Each structure stands twice: as structure tokens, then as C-alpha cells.
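K.L.:
Take this structure first; my questions come after.
The values are calculated or read from the model by the stated rules, or taken from the named source; none is laboratory data. Predicted model, so just to flag it, every value in this text is computed and none were measured. Glycine also receives a Cβ, built like all others from the backbone with ideal geometry; neighbour counts cover every protein chain displayed.
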Amino acid sequence: MKVIICGAGQVGWQIARHLAGEKNDVTIIDSDQELVSRATDTLDVAGVSGFASYPNVLNNAGAEDADMIIAATHSDEVNMVTCQVAHSIFDIPRKIARLRSQSYLDAIYADLYRRDHLPIDVVISPELEVAEAALKRLSSPNAFESETFLNNQAQLLGLHIDENCPVVNTPLRQLTDLFSTLRVIVVGVRRRGVLFAPNAGDQLFCSDEVYLMCHSNDVNRTLDVFGKLQGEQNRIILIGGGNVGLRIAKSLEESENRVRAKIIEKNRSRAELAASFLERTIVLNGDGLDSGLLEEANVSKTDTILAVTDDDKTNMLAAVRAKSRGCKKAIALINDPTMSPLMEPLGIDAYINPRSTTVSSILRHIRHGKVKNVYSIGDAEAEVIEAQVMSTSPISGSRISDIDFPEGVIVGGILKNGEMVKPVSQSKIEEGDIIALFVLSKDIPEVERLLQVTIDYF
């Protein structure tokens with residue numbers, strides 16, 4: 001597949017890294033020559049320096065025979081014009097644009113993106129994705145990672161294993177025997193910085209990070225088994241009243257749970273806007289790092305603090321200070337992925353990487369086969385791929401034990417006739433089933449082949 005990526009920032013670079021690693025023909029465009037050079041020096045991609053919306057620049061990038069264009073520059077308007085030029089002049093079949101402004105995303109304007117108006121096939125909203133990711137973290141605050149699959153019937157949980165975990169040093173095979181009715185599978189383990197797909201004989205040790213796929217109805221029991229008892233999330237403080245903070249607060253107000261939320265926003269006009277937009281949420285104007293203001297917000301009796309400003313350091317320090325003042329859980333928005341190793345030493349329970357959520361959203365629309373969802377894990381170390389099994393797929397009609405999956409692949413769940421079932425070796429995968437697969441990055445091309453890589457389903 002020939003793909004043009006516009007924007008060589010973190011999102012563009014990560015997408016290029018994914019696609020180039022899977023032997024696609026990738027060209028990256030950016031007006032900053034240094035960013036283009038970084039991409040071409042570190043990845044197996046071609047680079048073009050210039051403005052992505054210019055026809056001559058797109059032509060130099062090989063737009064005439066491109067299969068897809070991904071517009072992920074920092075400007076919404078450039079991304080929109082790029083897709084228009086790609087359609088009108090070069091007739092590129094698939095166009096994906098990242099748009100940040102809420103005005104472009106409002107439902108009233110949905111008709112804007114018709115092919116005979118502004119031809120964008122897929123619109124990705126980073127702020128919306130981040131807000132949804134934050135709400136999922138809040139639903140499982142004891143997990144450092146959380147995502148739903150299979151019509152919300154399956155949940156991926158990332159858990160730190162500590163000395164309080166009852167199943168430490170227990171082989172996974174024995175774990176299945178002990179909790180035979182528990183619908184959970186350990187799909188991935190990160191040990192000493194290395195992520196791998198475990199087998200039945202592997203044990204879990206202190207300091208491991210594990211990824212579990214469990215039935216949504218078994219989440220609380222799963223957390224209990226792994227020593228992560230979940231308390232009520234009734235009191236929440238949000239640091240930052242920007243678009244992300246507002247979306248989260250509004251969603252909390254609309255939820256069935258009676259959540260008492262407070263927002264601390266430094267900018268006065270932004271705080272006033274938040275107060276007028278929200279009904280039950282208390283808005284405080286001030287610095288989220290101010291100890292006195294945190295005390296005023298009753299941080300010591302708060303269940304979770306969620307720091308979602310646009311500054312990584314502010315988010316990290318606010319989370320640390322809140323924990324030191326008695327807050328039970330802290331979640332921080334972190335743009336720089338190199339900061340993630342600092343989370344555990346600082347006592348921050350979970351973090352959200354906006355770029356990772358955006359990359360996952362884009363990958364969902366790139367993967368071959370009937371792919372419904374893609375979730376990127378770690379620093380592009382693995383993916384959870386949710387896909388429908390086609391009649392033409394080599395795995396259709398086969399038992400899991402008979403399928404030649406690579407070592408880095410584990411079936412985490414199967415949706416049969418609308419019901420999620422826990423997969424076992426004798427489970428039969430049939431046409432129409434939806435499966436959730438944990439896949440190490442090196443094995444993604446083989447998994448795509450098994451899901452039937454044909455242009456018909458692209």
C-alpha cells in the first residue's frame with residue numbers, strides 16, 4: 001500500500017513507523033526540513049519538504065498513484081485543504097484528516113465532509129479521543145491502562161503486579177484452574193522493559209506489568225484476584241478546564257453515577273466559560289499546583305485527581321502534589337512518551353498519551369481486513385486488533401489450537417452471536433465472529449494475512 005503522511009510530528013512519525021515496519025510504501029511531508037530528515041534517517045520512508053496542501057508538493061510525494069493520504073499537520077485548515085487537493089487533482093481513494101477545532105466537529109456540520117463537498121473519509125479528533133480515554137481510566141482507576149472491545153463486553157486492563165497480588169509466582173495454567181469461572185486471559189506481560197505474549201507455563205512476578213482481557217462483568221472480580229480492590233469514584237478533581245477537561249466534566253455530569261466533580265483552571269476567562277457551560281461541577285479559578293487551593297478543593301477526601309492541562313510538567317507535579325495531600329489516585333495527561341518511565345517512581349497511578357490515542361484511531365482505519373478497532377500498546381510495542389472473521393480468512397472454521405498463530409499473538413476474546421466468550425484452545429472461530437487479538441508489532445503483517453488481506457475489504 002502506498003501512503004502519504006502529511007505532518008512529521010509525533011503522530012505522523014508514529015504512523016509512519018507503524019506502516020513502514022509493515023513494508024508499506026510511505027512518504028512523509030512536512031514544511032520543517034529537520035523533521036523530514038529525522039523521519040527519513042530513522043525510518044524506512046521517503047521524505048518531501050514543503051507545504052502538504054500544495055499540489056506540486058503532493059505530486060513530488062507520489063500522489064498520482066497513492067492509495068491513502070493522512071493529513072496530520074498542526075493546522076486543521078491545512079489538513080482539510082490537503083484532503084480536497086488530494087481528491088480533486090489526484091483522486092486518492094482514502095483520505096484521513098486530524099481536526100482539533102470543535103466547530104469543525106459539531107454534528108450540525110457533519111454534511112460538510114461529503115465527497116461532493118469537502119471529501120474527507122475519516123475525521124479524527126484528538127481531544128475527543130483523549131476525553132474518552134480519560135473516562136475509561138476513571139472507570140478503572142487501579143489500572144494504568146484501560147480500553148473496551150467487542151461491543152463493550154470485553155475490557156483490556158493494564159495492572160502493576162506488586163507484593164499484594166495474591167497470584168504472584170503462580171503459573172498462568174494454575175490461575176485458570178483456580179478461577180475456572182473467571183472470564184479473563186493474561187495476553188501480555190512487560191518484564192524489565194520487555195513486552196512479551198506469555199504461555200501457560202509462565203509465572204507473574206513482582207514489578208511485572210500485565211495486560212488482561214476480561215469480560216466487562218468480571219472486571220471487579222478480576223481486580224480483586226490481582227490485588228487491586230476498586231473503591232467508589234464519587235469525588236474527582238480535574239486540573240485544567242480546556243476542551244478536554246470540559247468534555248470529561250460534561251460526561252461525568254451526564255453519567256448515571258452521582259459523581260461530584262471540581263475543576264481547577266488557571267485562566268480566569270476559561271474558568272468563567274467552564275462555569276457557564278457546566279451545571280453541577282464546581283469551577284475554581286487558580287493554579288492547580290497551589291497547596292491552599294487544593295485544600296480548598298478538599299483534595300484529601302478526593303478519590304481521583306485527573307490533570308489534563310496542555311503542559312506535561314504541570315500535570316505531573318499536580319498529580320504528585322495531590323497524592324502527597326491525601327488524594328487516593330492520580331492520572332496525568334502526558335504528551336511526551338519519554339516521560340512515561342517516571343510515572344511509577346513519582347507515584348502517578350496512570351497516564352494518558354494523546355498521541356497514542358490518535359495513532360490508535362488512525363490505525364483502525366488503515367488495517368487490512370474487517371478491522372473494527374485497533375489499540376496501540378506502549379511505544380508501538382504491540383496492538384490489540386479487533387476484527388470480524390471473513391469467509392475468505394484462512395482461520396475461518398478452525399479451532400484456535402489448529403491455527404498457526406505467531407508466538408507473539410494471543411486471542412483475548414471472541415464475540416459469537418453478540419455474546420463475548422472466553423477463548424480456549426478448542427474454541428472454533430467461525431465466519432462472522434469478532435475476535436480481539438493481542439499482537440506484538442513484529443507479528444502484525446502475519447495477522448493481517450490471517451484476517452485476509454484483500455482490497456475488497458479495505
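K.L.:
Quick one: how many residues across the range 194-215 are within 20 Å of SER401 (Cβ to Cβ) and either among the acidic types (Asp, Glu) or in the same structural domain as PRO406 (by TED's automatic domain parsing) (or both)?
P.N.:
Of all residues in the range 194-215, those within 20 Å of SER401 (Cβ to Cβ) come to 197-202, 213.
Checking which are either among the acidic types (Asp, Glu) or in the same structural domain as PRO406 (by TED's automatic domain parsing) (or both) leaves us with 202.
Looking only at that region, the number is 1.
One line per residue, one yes/no per condition, for (1) more than 26 Å from GLU127 (Cα to Cα); (2) surrounded by fewer than 16 Cβ atoms within 10 Å (Cβ to Cβ); (3) among the charged types (D, E, K, R); (4) modelled with pLDDT of 95 or more:
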{"residue": "LEU19", "(1), (2), (3), (4)": "no, no, no, no"}
{"residue": "ASN24", "(1), (2), (3), (4)": "yes, no, no, no"}
{"residue": "ARG38", "(1), (2), (3), (4)": "yes, no, yes, no"}
{"residue": "SER101", "(1), (2), (3), (4)": "no, yes, no, no"}
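K.L.:
Restricting attention to the range 285-315, which residues are surrounded by 22 or more Cβ atoms within 10 Å (Cβ to Cβ) and either of a type in the set (A, V, I, L, M, F, W, C) or not in a strand (DSSP E or B) (or both)?
P.N.:
Those that are surrounded by 22 or more Cβ atoms within 10 Å (Cβ to Cβ) and either of a type in the set (A, V, I, L, M, F, W, C) or not in a strand (DSSP E or B) (or both): GLY288, LEU294, ALA297, VAL299, THR302, ILE305, LEU306, ALA307, VAL308, THR309, ASN315.
K.L.:
Further question on the same structure: Are any of the residues in the range 64-80 charged (D, E, K, R), surrounded by fewer than 20 Cβ atoms within 10 Å (Cβ to Cβ) and on the phi > 0 side of the Ramachandran plot?
P.N.:
Let us first name the residues in the range 64-80 that are charged (D, E, K, R), namely 64-65, 67, 76-77.
Filter again for surrounded by fewer than 20 Cβ atoms within 10 Å (Cβ to Cβ), leaving 64-65, 67, 76-77.
Then keep just the ones that are on the phi > 0 side of the Ramachandran plot; that gives none.
Looking through the range 64-80, none of the residues is charged (D, E, K, R), surrounded by fewer than 20 Cβ atoms within 10 Å (Cβ to Cβ) and on the phi > 0 side of the Ramachandran plot.
K.L.:
Inside the range 134-144, can you point out the residues that are crowded, with 20+ Cβ neighbours inside 10 Å and at pLDDT 85 or above?
P.N.:
If the condition is that a residue be crowded, with 20+ Cβ neighbours inside 10 Å and at pLDDT 85 or above, then ALA134 is the only one that fits.
K.L.:
Examine the range 353-371 for a residue that is within 15 Å of the chain's Cα centre (by Cα), within 22 Å of ILE331 (Cβ to Cβ) and part of a strand (DSSP E or B), and state whether such a residue exists.
P.N.:
no
K.L.:
Out of the range 65-81, which residues are free of Cβ contacts under 8 Å to residues at least 60 places away in the same chain and touching an Asp or Glu at 6+ places or on another chain (Cβ under 9 Å)?
P.N.:
Passing the criteria: none in range.
K.L.:
Of the conditions (1) under 18 Å from GLU132 (Cα atoms); (2) crowded, with 20+ Cβ neighbours inside 10 Å, LYS329 satisfies every one except a single condition; which number is it?
P.N.:
The number of the failed condition is (1).
K.L.:
Select the strands (runs of 3 or more DSSP E) contained entirely in the range 379-443, then report the ones holding at least 2 residues which are at pLDDT 90 or above and surrounded by 21 or more Cβ atoms within 10 Å (Cβ to Cβ).
P.N.:
Numbers: elements: 382-388, 409-416, 419-421, 434-440.
Those strands (runs of 3 or more DSSP E) span 382-388, 409-416, 434-440.
K.L.:
Also, I was wondering about something else. Exactly one of these conditions fails for ILE248: (1) within 30 Å of ILE410 (Cβ to Cβ); (2) of a type in the set (Val, Ile, Thr); (3) touching a strand residue (DSSP E or B) at 6+ places or on another chain (Cβ under 7 Å). Give me its number.
P.N.:
(1)
K.L.:
Of all residues in the range 1-11 being in contact with an Asp or Glu (Cβ under 8 Å, 6 or more places away or on another chain) and modelled with pLDDT of 90 or more, which is surrounded by the most Cβ atoms within 10 Å (Cβ to Cβ)?
P.N.:
Per the stated criteria, the residue is CYS6.
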